[in-house]
There are 2 protein chains.
Amino acid sequence: MPDALRKFKATIFQALAHPTRIAILETLRGGELPVSIIIERLMLEPANASQHFAVLRAKHIVTRRKAGSQVYYSVRDPLILEVLDIMRRYFQVHLEESLSLLKEAEREETERILMTTVCT
Amino acid sequence: MPDALRKFKATIFQALAHPTRIAILETLRGGELPVSIIIERLMLEPANASQHFAVLRAKHIVTRRKAGSQVYYSVRDPLILEVLDIMRRYFQVHLEESLSLLKEAEREETERILMTTVCT
DNA sequence: TTCGCAATTGCGAAAGTCCTAAAATAAGGT
DNA sequence: ACCTTATTTTAGGACTTTCGCAATTGCGAA
């Protein structure tokens with residue numbers, strides 16, 4: 001079942017493939033935190049944050065604990081944080097390409113905005 | 001620029017978030033290989049494979065070398081393979097949940113197929 | 001040049017992701 | 001019971017991803 005395993009890995013990567021979710025996981029690096037704090041620190045819309053939590057929950061990447069009126073999240077396995085760490089090293093090593101990639105993404109975004117603006 | 005860094009990480013994860021691309025990278029673990037061999041080993045449609053190569057190239061995850069009529073690909077930085085390794089450990093540790101996740105995905109897929117079959 | 005193989009590219013349909021805004025749920029306090 | 005706060009869910013529309021198929025490019029051989 002090597003292909004099934006790859007499918008599994010792919011779904012985990014998919015769950016990690018969003019800046020907000022990465023930010024959430026990094027915020028949880030120090031341990032469990034309530035939603036309110038995470039939202040405040042990252043300046044997120046509650047609804048939006050909750051959707052990202054749902055994605056992370058669906059893949060069992062985070063654990064949810066309810067205490068009173070607040071909900072606490074934590075990273076289930078530090079291995080996930082290790083993956084994030086390796087990515088940081090990767091970023092540092094490829095600093096140059098990384099930056100050009102980022103610039104490219106930005107450029108594309110402004111282009112897109114221009115396009116939609118023009119076409120409206 | 002912590003958010004820019006997260007965006008960068010996210011795009012790399014996005015590139016890894018597909019079973020076929022994971023399979024390609026694992027096939028390249030031993031070093032450079034021509035497209036023809038990769039396609040053969042993984043039983044891929046050439047066009048489809050090429051699209052996945054394009055994704056990996058766009059993120060600078062693989063390097064392309066042309067020799068005669070053949071094209072060779074290789075993984076640019078073994079750090080990427082390390083990420084894959086960690087994911088394998090992650091899979092082993094969470095074997096139980098992983099399997100249920102896989103089953104769930106399968107079930108959804110068969111449901112989808114049933115639905116489309118019924119609705120046609 | 002012309003043929004044939006290797007690999008890529010372009011295109012349209014189907015499915016998936018993401019965001020915002022509105023509505024729903026849950027728990028506590030008055 | 002009612003109101004407020006915390007969090008989640010739903011619904012919609014915009015955008016992106018993926019696939020298969022057809023068309024195209026690049027290169028070596030005849």
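The values are calculated or read from the model by the stated rules, or taken from the named source; none is laboratory data. Here the structure is a predicted model, which is why all the values come from computation and not from measurement. Here the Cβ is made from the backbone with ideal geometry for all residues, glycine too, and neighbour counts use every protein chain on show.
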Legend entry - Search result, residues across segment B:18-32 that are closer than 11 Å to residue B:49 by Cβ and out of contact with any strand residue (DSSP E or B) (no Cβ under 9 Å at 6 or more places or on another chain): B:20, B:21, B:23
Legend entry - Odd one out for residue B:74, checked against (1) within 13 Å of DNA strand C (Cβ to nearest atom); (2) out of contact with any Pro (no Cβ under 8 Å at 6 or more places or on another chain); (3) in a helix (DSSP H, G or I): (3)
Inset, instruction - Within segment B:40-55, track down each residue that is assigned to a helix (DSSP H, G or I) and within 13 Å of chain A (Cβ to nearest Cβ). - result: B:41, B:42, B:52, B:55
Inset, instruction - Evaluate the following for residue A:28: is it more than 16 Å from residue A:61 (Cβ to Cβ) and either away from DNA strand C (no atom under 14 Å from the Cβ) or in a helix (DSSP H, G or I) (or both)? - result: no
Inset, instruction - Select from segment B:1-25 the residues that are of a type in the set (A, V, I, L, M, F, W, C) and outside any helix (DSSP H, G or I) and write down the one among them that is nearest to the other protein chains (Cβ to nearest Cβ). - result: B:17
Legend entry - Only one of B:13, B:91, B:8 that is modelled with pLDDT of 95 or more, under 20 Å from residue A:81 (Cβ atoms) and in contact with a Leu (Cβ under 7 Å, 6 or more places away or on another chain): B:13
Inset, instruction - Name the residue, out of B:76, B:88, that is over 14 Å from the mean Cα position of the chain (by Cα) and either within 9 Å of chain A (Cβ to nearest Cβ) or closer than 17 Å to residue A:89 by Cβ (or both). - result: B:76
Inset, instruction - List every residue pair whose Cβ atoms lie under 8 Å apart, where the two residues are 6 or more positions apart in sequence or sit on different chains, the first residue falls within segment A:27-52 and is free of Cβ contacts under 8 Å to residues at least 24 places away in the same chain, and the second residue, located anywhere, is within 12 Å of DNA strand D (Cβ to nearest atom) and of a type in the set (Gly, Ala, Ser). - result: A:39/A:49; A:42/A:49
